[in-house]
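The values are calculated or read from the model by the stated rules, or taken from the named source; none is laboratory data. This one's a predicted model, so the numbers in the text were calculated from it and none came from an experiment. In this analysis, Cβ positions are derived from the backbone assuming ideal geometry, glycine residues included, and neighbour counts consider all displayed protein chains. SASA here: full protein model, heavy atoms, side chains in, ligands and nucleic acids out. Shrake-Rupley method; radii C 1.70, N 1.55, O 1.52, S 1.80 Å.
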Amino acid sequence: MRGAVLHAPGDIRVEEREEPRILLPTDAIIQLSATCICGSDLWPYRGIAAVTGPSPMGHEYVGTVQEVGSEVNDIRPGQFVIGSFFASDNTCPICQAGYQTSCLHREPIGGLGAQAEYLRVPLADGTLVATPDIPADDLIPGLLAASDVLGTGWFGAVAAEVGPGKTVAVVGDGAVGLLAVLAAKRLGAERIIAMSRHEPRQKLAAHYGATHIVTERGDDGVTRIKDLTDGLGAHSVIEAVGTQESMMQAIRSTRAGGHLGFVGVAHDVQLPGDELFFSHVHLHGGPAPVRRYLPELIDLIWTRQIDPGKVFDLSLPLEQAAEGYQAMDERRAIKVLLQP
């Protein structure tokens, strides 16, 4: 089969990979209908995260089940399914508490390489959620977004205790940040401040429910948030980048007693204990337990109450994955959908 492989920073190739097969009785094999490039894929692509050798890429996926192992009971061949970027059994005490990305038996999908024609999904019964039927083509981008960026933005909003009457600030205008705006709107926020310098992203943020756009960053961005909130800061802040600057901007934009949900993959982030101590800010976040939200999100997409698929502003054949990575790296695209 064909699949995207990162050989070195900036060097993505679509080449022949071994077709996946059932290795464990809890596995499923799916034929991918769509996959995509994630902002977190850019860390190794840019050489910020170590690249130790040829690595299959991709962890977001939707498709049709082709084969299941002998111990898979709930997922059947022929079903259209969506799964999270971590496989989970969905039965251990951590999963039952709603944190499937910390499952006692979790397995990262990224190492298996979802930017391909087929994918082996471990722990299929716990990981995959089937749609009511085979979806219409125009629903597939939205369902693909649910595999990661929608679920991650949603978790960011939940972790930030977004709710009716609250002012929410979103730090980051990538796909996760934009879908955090959608989530905040859906969860009843009164005011949603999107921090963005890029006009196409500002327009999509407004479409998803942003009431204010702030272009400033760092301390200047904090000042603007304070100006918009009577000097207090936002009730809820969602951090969707993962850098030192974005995290400190998020913390300083949160009012005393407020909540910060952080879902950007952290790189070299260090929190000053004294400032955090006196801030009275609640912090909660980490790898989003997307599996927790999949049934609800699939229903919202299926019934066309939300359309997260608009974050895909460039669709390419899988064979052109290298162009997709370059477009996202150069911020010419918010998020790239790949068609196997």
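I'd like to know if segment 50-58 contains one or more residues that are within 17 Å of Pro141 (Cα to Cα) and modelled with pLDDT of 95 or more. Within segment 50-58, one or more residues are within 17 Å of Pro141 (Cα to Cα) and modelled with pLDDT of 95 or more. Taken over segment 124-175, the criterion of being open to solvent by 30 Å² or more (accessible area, probe 1.4 Å) and out of contact with any His (no Cβ under 7 Å at 6 or more places or on another chain) is satisfied by Asp125, Ala130, Pro132, Asp133, Ile134, Ala136, Asp137, Asp138, Pro141, Val158, Pro164, Gly165. For Gly111, the criteria (1) buried (at least 16 other Cβ atoms within 10 Å of the Cβ); (2) closer than 23 Å to Gly3 by Cα hold in every case but one, which is (1). Annotation note: of Val51, Val5, Val62, the sole residue that is more than 25 Å from Pro135 (Cβ to Cβ), under 21 Å from the mean Cα position of the chain (by Cα) and of a type in the set (Val, Ile, Thr) is Val5. Within segment 150-178, residues that are under 19 Å from Lys203 (Cα atoms) reach partners that are part of a helix (DSSP H, G or I) and β-branched (Val, Ile, Thr) with beta carbons closer than 6 Å, at six or more positions or on different chains, in the pairs Gly153/Val176; Ala169/Ile225; Val170/Val181; Ala175/Val149; Ala175/Val311; Val176/Val149; Val176/Thr152; Leu178/Val311. The sole residue among Val241, Val265, Val281, Val237 that is touching a Phe, Trp or Tyr at 6+ places or on another chain (Cβ under 8 Å) and among the β-branched types (Val, Ile, Thr) is Val265.
Checked against (1) touching a residue at least 60 places away in the same chain (Cβ under 8 Å); (2) under 21 Å from Gly163 (Cβ atoms); (3) not hydroxyl-bearing (Ser, Thr, Tyr), Ile251 meets all criteria but (1). The set of residues in segment 176-200 that are touching a helix residue (DSSP H, G or I) at 6+ places or on another chain (Cβ under 9 Å) and surrounded by fewer than 23 Cβ atoms within 10 Å (Cβ to Cβ) comprises Lys185, Arg186, Leu187, Arg191.
Put simply, of Gly264, Gly231, Gly273 the only residue that is open to solvent by less than 70 Å² (accessible area, probe 1.4 Å), among the small types (Gly, Ala, Ser) and in contact with a strand residue (DSSP E or B) (Cβ under 6 Å, 6 or more places away or on another chain) is Gly264. Of all residues in segment 89-97, none are in contact with a Phe, Trp or Tyr (Cβ under 9 Å, 6 or more places away or on another chain) and open to solvent by less than 50 Å² (accessible area, probe 1.4 Å).
For segment 304-340, which residues satisfy the criterion of being open to solvent by less than 20 Å² (accessible area, probe 1.4 Å) and assigned to a strand (DSSP E or B)? Correct list: Leu316, Lys335, Val336, Leu337, Leu338. Within 20 Å of Leu182 (Cα to Cα) and under 24 Å from the mean Cα position of the chain (by Cα), is that true of His267? Spelling it out, it is not the case that His267 is within 20 Å of Leu182 (Cα to Cα) and under 24 Å from the mean Cα position of the chain (by Cα).
All conditions but one from (1) farther than 21 Å from Lys310 by Cα; (2) at pLDDT below 95; (3) not small (Gly, Ala, Ser) apply to Leu228; the one that does not is (2). If Arg106 meets every condition in (1) more than 26 Å from Phe262 (Cα to Cα); (2) open to solvent by 50 Å² or more (accessible area, probe 1.4 Å); (3) touching a Ser or Thr at 6+ places or on another chain (Cβ under 7 Å); (4) not hydroxyl-bearing (Ser, Thr, Tyr) apart from one, which number is that one? Going through (1) more than 26 Å from Phe262 (Cα to Cα); (2) open to solvent by 50 Å² or more (accessible area, probe 1.4 Å); (3) touching a Ser or Thr at 6+ places or on another chain (Cβ under 7 Å); (4) not hydroxyl-bearing (Ser, Thr, Tyr) one by one, Arg106 breaks only (1).
I'd like to check which strands (runs of 3 or more DSSP E) are fully inside segment 186-303 and have at least 2 residues that are under 24 Å from Arg332 (Cα atoms).
Numbers: elements: 191-195, 212-214, 234-239, 254-262, 282-285.
Qualifying strands (runs of 3 or more DSSP E): 191-195, 212-214, 234-239.
Val14 - would you say it is outside any loop (DSSP other than H, G, I, E, B) and under 20 Å from Thr127 (Cβ atoms)?
Numbers: outside any loop (DSSP other than H, G, I, E, B): yes; under 20 Å from Thr127 (Cβ atoms): no.
Considered against the rule, which asks whether it is outside any loop (DSSP other than H, G, I, E, B) and under 20 Å from Thr127 (Cβ atoms), Val14 comes out as no.
Consider segment 17-49. How many of its residues are in a loop (DSSP other than H, G, I, E, B), of a type in the set (Val, Ile, Thr) and buried (at least 22 other Cβ atoms within 10 Å of the Cβ)?
2
Screening Ser236, Ser253, Ser246 for residues that are closer than 28 Å to Gly47 by Cβ, at pLDDT 95 or above, open to solvent by less than 20 Å² (accessible area, probe 1.4 Å) and polar (S, T, N, Q) leaves exactly one candidate, Ser246.
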